[in-house]
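Notes follow once the structure below has been shown.
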Amino acid sequence: MAVKTFTTGEVLTASDTNTYLANSGLVYVTSASLSGQTGVNIDNCFTSTFRNYLIVADFTTSASETVIYQMRSGGTTNTGSNTDSLQTYMIWGSTTVYANQLTNQNYAYFGYGNTNGAGVALTLFGPQLAKYTYSASENPMADYRSTSWSKHNVATQYDGIRIASYGTNTITGRILVYGYRIS
Amino acid sequence: MDNPRIEMFHNAETGETVTRELTPEEIAALPTPSETPNDAPEPL
């Protein structure tokens, strides 16, 4: 029972409440709080419980920095040249749209950060399934807003993700992983 | 001189979190500097 319509005067039971909590659309999986590290490796966060995931981050970086992500499997970061990315971004105060692309890399865009903070909402489609993994992200931050899409051209079942600075600037903030409930 | 690469390793299954410097093997597997991730008109 994912949805139930209550009528006036009807009692909200413990059973109903528990059912609603268990059947919420987004289910918290795990989180990590960074404080001056260059990245985080989150393992065993993608399982067969869900098909698609939402990763939400708010963070600062010690200086302007590109933050990337890489898929992980069995505690090892993907090193294959199998990831393509497209990105558009705009600078606050301008309507000009710029674009970037990456081809045949072992990483993808996560977003940009700086000392004034940034946010990222990254949706991962089927990382734990034995097929290509796709992603889409939104990233507003102090200097830019960027949107990125990526595809991982290999049918690998990933169970983890590495989110890290492309350079060596450090990250401080929180990264949360949610699963989209499938039934 | 570059800062050391200190990263967190979080196991969502056990809840265990370890913070440590990357090993030489892990550093060797990082994207190389020549693989510029963007050509933004302003430095990022």
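The values are calculated or read from the model by the stated rules, or taken from the named source; none is laboratory data. Here the structure is a predicted model, which is why all the values come from computation and not from measurement. With ideal geometry, Cβ positions are generated from the backbone for all residues, glycine too; neighbour counts draw on all protein chains shown.
Structure above, values below:
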read-out	value
Any chance A:Gln70 is crowded, with 22+ Cβ neighbours inside 10 Å, at pLDDT below 95 and within 16 Å of the chain's Cα centre (by Cα)	no
Qualifying residue in region A:172-180 (condition: surrounded by fewer than 22 Cβ atoms within 10 Å (Cβ to Cβ), in a loop (DSSP other than H, G, I, E, B) and not charged (D, E, K, R))	no
Scope region A:104-120; condition within 12 Å of chain B (Cβ to nearest Cβ) and surrounded by fewer than 18 Cβ atoms within 10 Å (Cβ to Cβ); matching residues	A:Asn104
Failed condition for A:Tyr132, given (1) more than 9 Å from chain B (Cβ to nearest Cβ); (2) in contact (Cβ under 8 Å) with a residue 60 or more places away in the chain; (3) in contact with a strand residue (DSSP E or B) (Cβ under 9 Å, 6 or more places away or on another chain); (4) of a type outside the set (Gly, Ala, Ser)	(2)
Complete set of residues in region A:84-115 that are within 25 Å of A:Asp58 (Cβ to Cβ), among the polar types (S, T, N, Q) and modelled with pLDDT of 90 or more	A:Ser85, A:Gln87, A:Thr88, A:Ser94, A:Asn114, A:Thr115
Some residue of region A:36-48 being among the acidic types (Asp, Glu) and farther than 20 Å from B:Ala12 by Cα	no
Positions within region A:84-103 being more than 10 Å from chain B (Cβ to nearest Cβ) and either of a type in the set (Phe, Trp, Tyr) or within 23 Å of B:Leu30 (Cβ to Cβ) (or both), in sequence order	A:Asp84, A:Leu86, A:Trp92, A:Thr103
Given (1) buried (at least 22 other Cβ atoms within 10 Å of the Cβ); (2) assigned to a loop (DSSP other than H, G, I, E, B), number of the condition A:Ser183 does not satisfy	(1)
Filtered residues of region A:28-52 (kept if in contact with a Phe, Trp or Tyr (Cβ under 7 Å, 6 or more places away or on another chain) and among the polar types (S, T, N, Q))	A:Asn41, A:Asn52
Criterion: within 23 Å of B:Pro31 (Cα to Cα), of a type in the set (Lys, Arg) and either in contact with a strand residue (DSSP E or B) (Cβ under 6 Å, 6 or more places away or on another chain) or within 13 Å of another protein chain (Cβ to nearest Cβ) (or both) - qualifying residue of A:Arg145, A:Arg181, A:Arg162, A:Arg174	A:Arg162
Filter result for A:Thr123 (assigned to a loop (DSSP other than H, G, I, E, B) and more than 12 Å from chain B (Cβ to nearest Cβ))	no
Residue list for region A:130-150, filter: buried (at least 16 other Cβ atoms within 10 Å of the Cβ) and among the charged types (D, E, K, R)	A:Asp143, A:Arg145
Qualifying residue in region A:91-100 (condition: in contact with a Leu (Cβ under 6 Å, 6 or more places away or on another chain), assigned to a strand (DSSP E or B) and crowded, with 16+ Cβ neighbours inside 10 Å)	no
Top-ranked residue of region A:126-163 - restricted to ones that are outside any strand (DSSP E or B) and of a type in the set (Ser, Thr, Tyr), ranked as farthest from the chain's Cα centre (by Cα)	A:Thr156
Selection from chain B of residues that are of a type in the set (Val, Ile, Thr) and either over 17 Å from A:Thr61 (Cβ atoms) or at pLDDT below 95 (or both)	B:Thr14, B:Thr17, B:Val18, B:Thr19, B:Thr23, B:Ile27, B:Thr32, B:Thr36
